[in-house]
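So the structure is just underneath, and the comments pick up after that.
What follows draws every value from the coordinates through simple rules; no lab data is involved. As the structure is a computational prediction, the values presented were derived from the model and not from experiment. Note that each Cβ is placed from the backbone with ideal geometry, even for glycine, and that neighbours are counted across all protein chains shown.
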Amino acid sequence: MVLAGTTASADDLSTLTRQDYYGGAYYQNALEHPAIQKIKSDKKKLDRVAKDLGWKPKKLKEAVAKYDAIEGDIEALATNAIKSALAKSRVKGRVLDVLINTSEPKHVVVYIRWRGSQSGDTLKEASAIAHEVSTATPFVSTLSLAAIHPKAAAESKEPVWSAKIGFESMGKIQPNRIDDYADRLYARLFEGVEAKLF
């Protein structure tokens, strides 16, 4: 069901916030529940789901409209949006995997594996990736990163650098400041860092 008042363009994921995604996905899942299916009115369905979420109906209606405005599989579109953004970044041609886990709509996770260039640039590359993910797909809650050795086989699962970063921290990265701030400031934004010299 598509609600009136759509505010996002069909292909634009960059306006879909974490709250929009959660509300839209929750609503779509709720429509499959027998108790919701028994309700005849779309407005009453929305009101009931909003109550379940603890949201005001207007807030849920806006989230559902933005969620429904994305035509096609959001997971596939998000994967393509991230790959496209990274193809224009400092890791161009070295991204090996972009995987998205939307099984928990309240906490979407993206996994990215890329071929590192050199030890001194890994944090800069990770910062650039984090910025692109937060811009292209702002509904992502956590980004999990893994860089493999420059000479490792493409299928290698042995990272020389790995870490996680949350959405709030991703949003603090300024692309034009990465070269200056990556080692001093952005390094502390990443959690669970495991790094090897290479």
Selected from THR137, PRO105, ALA152, residue furthest toward positive end of dipole (the stretch 79-158; charges at beta carbon): ALA152
Fluctuation leader among LYS43, LYS61, LYS124 - the chain, Gaussian network, Cα springs under 10 angstrom: LYS43
Nearest-0.05 FRET efficiency for ALA154 and ASP47, computed from C-beta distance (R0 41 Å): 0.20
Label point at LYS59 placed 7 Å out along Cα→Cβ; residues across the stretch 121-159 whose backbone nitrogen lies under 18 Å: 139
Cross-link reach list, lysines versus LYS40, counting only Cα pairs under 28 Å and skipping chain neighbours closer than eight places: LYS51, LYS56, LYS58, LYS59, LYS61, LYS66, LYS106
Kirkwood Rh and Cα Rg combined as Rg over Rh, evaluated for the chain: 1.06
Where only C-alpha atoms are counted, convex hull volume of the stretch 13-69 per residue in Å³: 68
Cβ charges +1 (Lys, Arg) and -1 (Asp, Glu), total dipole of the stretch 1-155, debye: 400
GNM flexibility winner over the chain from ALA163, ALA25, ALA76 (Cα, springs under 10 Å): ALA76
Gap separating the Cα centres of the stretch 97-120 and the stretch 133-169, nearest whole Å: 4
Loop GluC sites (Glu not before Pro), the stretch 30-135 (other Cβ atoms within 10 Å of the site Cβ: 12 or fewer; DSSP): GLU32, GLU71
